[in-house]
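Before any comments, here is the structure.
The values are calculated or read from the model by the stated rules, or taken from the named source; none is laboratory data. From a predicted model like this one, the values you see are computed outputs, not experimental measurements. Here the Cβ is made from the backbone with ideal geometry for all residues, glycine too, and neighbour counts use every protein chain on show. In case anyone asks, the SASA skips ligands and DNA or RNA and just uses the protein heavy atoms, side chains included. Shrake-Rupley method; radii C 1.70, N 1.55, O 1.52, S 1.80 Å.
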Amino acid sequence: MHCAGCAGTIERALLKTAGVRLASVNFASESALIEFDENVISESELAKAVESVGYKLEIDSPERGPAFAQTTTGKKKGGNGDKNTETVLIKALGMDSPHCAMIIESALKKLPGIKNIDVDFSNQRVKVVFDPKKIAVSDIFKVIIEAGYKPIKEEGEAEEILDKEKIEREKQVKILKRKLIIGGVLSVFIFFGSFPEWFSFAPRILNNNWTLLVLTAPVQFWVGWQFYAGLRLLVKYRTADMNTLIAIGTLAAYFYSASVAVFPDFFTKGGIAPKTYFDTSAIIIVLILLGKYFEALMKGRASEAIKKLIGLQPKTARRLKIPNSKSQITNKFQITNHKFQTEEYEEAPISEIKVGDVLMVKPGEKIPVDGKIIEGDSEIDESMVTGESMPVHKTIGSPVIGSTINKFGTFTFQATKIGKDTVLSQIIKMVEEAQGTKAPIQRLADLVSSYFVPVTIVIAILTFIIWFFFGPVPAFNFALINFVAVLIIACPCALGLATPMAIMVSSGSAAAKGILIKDAASLEVANKIDTIILDKTGTLTQGKPAVTDIISVTEFPISNSQFLNKSQISNLKKTVFQIAASLEQKSEHPIAKAILELAASLGKKSSHPLDRAISEEAKKEKLELFPVKNFEAAPGKGIKGILLINNREMETVVGNREMMKLKSIQISDFEKQIETLESQGKTVMIVAANREVLGALAVADALKKESIEAVKVLKESNIDVWMLTGDNDRTARAIAKEVGVENVMSEVLPDKKSEKVRELQERGKIVAMVGDGINDAPALTQANIGIAMGEGTDIAMELANITLMRGDLMLIPEVIQLSKRTMRIIKQNLFWAFFYNSAFIPVAAGVLYPFFGILLNPIFAAAAMAFSSISVVLNSLRLKKT
């Protein structure tokens with residue numbers, strides 16, 4: 001696939017094929033997600049449908065599932081799946097605009113043996129598939145150099161590539177700086193010498209044309225050497241870029257002036273004193289180079305977010321020495337009966353770490369790779385991934401993210417993801433893909449840029465002809481000045497930079513806040529959203545059960561619809577809870593886990609790192625759980641067992657109405673309270689001992705603390721908020737009322753979620769779908785913008801346009817605001833770029849001269865061009881502050 005248009009072609013071909021329900025083609029990753037009916041169409045027939053429009057579909061390995069496919073560019077005959085081809089990834093420094101990308105692509109296409117070229121100018125990356133029998137990598141590099149760019153082969157670790165790029169960029173900046181200083185000093189002398197009537201104090205030798213010729217030569221041919229790549233392009237590849245304009249314009253001024261200096265008598269015929277333009281040539285080159293210098297300095301800042309992330313990964317890890325891994329590791333994610341000692345670990349390079357390795361992390365160290373804690377606990381600073389400033393408490397079973405910082409405790413964990421599969425690598429990939437994609441608004445800029453240079457050359461030639469034949473005396477001088485001014489003013493740099501610079505800065509800034517934007521189009525559409533659908537479980541709620549209420553026989557229930565505050569549990573309630581928690585020790589039900597989590601938290605004043613000093617004393621107050629025997633579980637009803645309380649055996653039961661009925665326990669006195677809690681969408685577990693009811697616990701999927709505030713902010717922004725859930729209507733309405741949502745879609749099956757999104761779209765709504773599970777995937781794809789919660793499933797994050805790394809709903813208004821700010825900046829950039837080019841070309845051509853006597857000096861044209869590019873970059877960098 002060469003472009004987003006190719007992706008659209010494949011998508012349309014698939015969607016027209018019988019049996020295909022959904023087709024989503026990703027140009028950046030060259031992959032397609034296809035949902036189809038196996039009874040109607042097979043995988044081989046899907047491949048034929050793709051081949052019919054000129055591409056090749058390769059079905060991936062079974063572990064990814066038949067619904068995933070990889071599209072590779074192919075010809076209608078044969079394709080390029082040839083094993084004799086090789087691929088090289090190249091960083092092309094200086095390729096900063098769509099026009100630059102077009103120049104490189106055009107030049108490379110003329111080489112023999114080139115099979116495919118993918119050019120991503122935003123990340124300055126070129127991917128070339130070639131036949132090594134017909135062409136070598138050195139030949140590809142030579143062509144890129146001839147086109148005026150600096151190629152670096154992308155090989156090795158990401159950080160090595162980054163270091164190479166940094167070294168080359170610093171080298172470029174150093175050379176530019178040296179050229180600017182020498183060129184600037186020479187240009188000052190040339191300028192003084194060119195206008196003796198203004199600078200009478202200047203030495204007379206500077207007024208001599210031969211002196212000016214000698215002073216200008218190094219500026220023209222050494223300082224401005226990089227611009228002659230444009231002439232090579234014109235001669236060798238019959239294409240042109242902005243360098244072509246600068247080279248033709250300055251060389252025309254220089255050679256005309258040199259001719260006047262060498263053959264003065266020829267130009268003085270007719271009694272007219274000849275005029276030289278050495279100052280025009282020199283100062284134009286220095287000013288444009290000044291713009292390039294500032295651009296080179298500032299461009300590095302635009303992708304700082306990625307560079308910081310790449311540099312975060314530690315170089316080594318502390319790995320457990322295991323002589324025979326099978327004897328000690330019983331399961332991929334489980335290690336039992338083993339205490340880890342420091343002397344059992346070795347320092348290993350990060351490249352040698354494998355999935356399943358057991359690693360130790362000490363306080364203050366970075367976590368080397370993604371994994372799950374198997375021993376110990378700690379507070380971990382995940383701010384660089386999630387944007388959350390507060391450290392997160394992690395215990396056994398908790399996932400940890402590579403490159404985040406371990407603040408306090410020592411723990412051991414098992415590696416689950418390494419290399420390109422880690423969260424950090426995926427973030428870098430997503431941000432780079434976002435920076436490499438084009439927003440719809442950019443298509444206009446690309447189109448204009450592609451025609452700009454050839455049209456400008458034609459206008460410049462016409463300008464010269466008209467002024468030469470119809471202009472006032474000296475006609476040649478006027479024709480030359482206006483010819484050079486048109487060429488210089490029309491460089492489309494600002495136009496090419498307008499959108500990609502804003503997208504780069506914006507997506508980098510968003511990543512630092514924990515917002516990952518997959519493509520530029522999403523950033524453009526996000527500010528148009530007028531409807532948001534929020535999935536209930538895991539999006540509005542915690543996605544796991546939590547104890548919300550405790551009832552004792554003597555008191556009314558306390559209800560706060562959040563995790564209980566420990567100070568609210570009275571002694572009677574604590575007894576009820578203590579009995580329930582003791583019995584639940586033997587259960588593996590999710591409700592048991594919720595009850596035991598609250599039990600474990602009692603006695604701990606806080607998990608905040610500032611309270612670590614008092615944790616030992618707090619542990620003494622921890623809730624004591626009674627021994628249990630004769631434990632039995634009744635599926636769908638509850639549990640029972642005998643607890644040893646104060647040396648007395650007590651038969652206890654925890655369960656629903658059915659369990660109480662089974663054990664002949666009367667609950668009529670509690671019926672009203674139970675019904676009240678159930679009407680709020682909560683699950684009630686009644687606690688009884690020796691056939692008497694002691695109280696009850698209510699468990700529910702509690703709302704996230706920011707849900708109510710997020711819904712309020714969205715509604716204040718005039719956005720319709722809907723809640724989507726598979727729950728029954730009563731439960732759904734109870735949750736919706738609590739969170740402040742009036743629009744509810746309840747009892748929706750997973751395969752019908754996308755239909756609900758489509759229904760709103762058919763009403764003319766621009767819809768954002770927010771979800772976290774595999775069952776949300778079709779709806780995320782159907783929506784105009786799919787937003788995935790960071791703690792959700794990989795498939796949801798893969799399909800979504802935007803991922804909120806810390807799962808904070810307050811980031812949704814942030815996304816919308818960021819989109820609005822980005823579009824405002826892009827429009828400002830495009831306005832000034834279009835205005836500048838369209839307004840000043842006629843002025844440069846001399847249209848105003850017959851009416852007002854105004855001509856645009858080429859020096860001022862060069863200054864305006866440099867200022868235009870710098871202003872676009874500076875304006876885009878304002879997004880870093882948002």
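Please compute the volume of the convex hull spanned by the alpha-carbon atoms of segment 639-712 and report it per residue in Å³.
Details: hull volume 8.5 nm³, N = 74.
Cα-based convex hull of segment 639-712, divided per residue, equals 115 Å³.
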What are the ³J(HN,Hα) values, in whole Hz, obtained from phi via the Karplus relation 6.51 cos²θ - 1.76 cosθ + 1.60 with θ = phi - 60°, for each residue of segment 541-551 in sequence order, with x given for Gly and Pro? 10, 5, x, 8, x, 9, 5, 10, 9, 10, 10
Long-range amide H partners of Tyr149 with built H, under 5 Å: none
Please list, in chain and number order, the residues 5+ apart from Asp701 or on another chain whose amide H is under 5 Å from its amide H, with Hs placed from the backbone. Ala546
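What full-extension length gain, to one decimal in nm, is calculated for Lys16 and Val214 as 0.36 nm per residue of separation minus the Cα-Cα distance?
On the way: separation 198, 0.36 × 198 = 71.28 nm, distance 6.88 nm.
The span from Lys16 to Val214 would gain 64.4 nm if fully extended.
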Which whole-Hz ³J(HN,Hα) couplings does segment 370-380 yield from phi under the Karplus relation 6.51 cos²θ - 1.76 cosθ + 1.60, θ = phi - 60°, glycine and proline marked x? 6, x, 10, 5, 10, 7, x, 8, 6, 9, 10
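Note down the net charge around Val361, summing +1 for each Lys or Arg and -1 for each Asp or Glu among other residues with Cβ under 14 Å from its Cβ.
Details: positive: Arg318, Arg319, Lys362, Lys366, Lys372, Lys394, Lys407; negative: Glu347, Asp357, Glu365, Asp370, Glu375, Asp377, Glu379, Asp381, Glu382.
Cβ neighbours under 14 Å give a net charge of -2.
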Quote to one decimal, in nm, the extra length available between Lys127 and Lys48 on full extension: 0.36 nm per residue of separation minus the C-alpha distance between them. 25.8 nm
So what is log10(I(q)/I(0)) for segment 661-703 at q = 0.15 1/Å, when the Debye sum runs over its Cα atoms only? -0.38
Here the net charge surrounding Val741, from other residues whose Cβ is less than 11 Å away from its Cβ (Lys, Arg +1; Asp, Glu -1), is +2
From the backbone phi of segment 398-405, what are the Karplus-calculated ³J(HN,Hα) couplings (6.51 cos²θ - 1.76 cosθ + 1.60, θ = phi - 60°) in whole Hz, Gly and Pro given as x? 6, x, 10, 10, x, 6, 7, 10
Area accessible to solvent at Met1, 1.4 Å probe radius, in Å²: 0 Å²
Any chance you could check the Cα centroid distance between segment 574-592 and segment 176-217 for me, in angstrom? 89 Å
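Per the Kirkwood definition applied to all pairs of different Cα atoms, how many angstroms is the hydrodynamic radius of segment 722-774?
Working: mean 1/r = 0.0851 Å⁻¹.
Computed over segment 722-774, the radius equals 11.7 Å.
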Under the rule of at least 5 residues apart or a separate chain, name every residue whose amide H is placed under 5 Å from the amide H of Leu848. none
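What value does segment 642-789 have for Rg/Rh, both radii from Cα atoms and Rh as Kirkwood defines it? Display every interim value, and only then the final one.
Numbers: Rg = 20.9 Å, Rh = 18.2 Å.
Result: Rg/Rh = 1.14.
Taking the mean number of other Cβ atoms within 10 Å as a proxy for protection, how do you rank 513-525, 248-260, 755-767, 209-221 from highest to lowest? Before the final figure, lay out the partial values.
Details: 513-525: 24.1, 248-260: 21.9, 755-767: 15.6, 209-221: 19.1.
Per-residue mean Cβ counts within 10 Å order the peptides as 513-525, 248-260, 209-221, 755-767.
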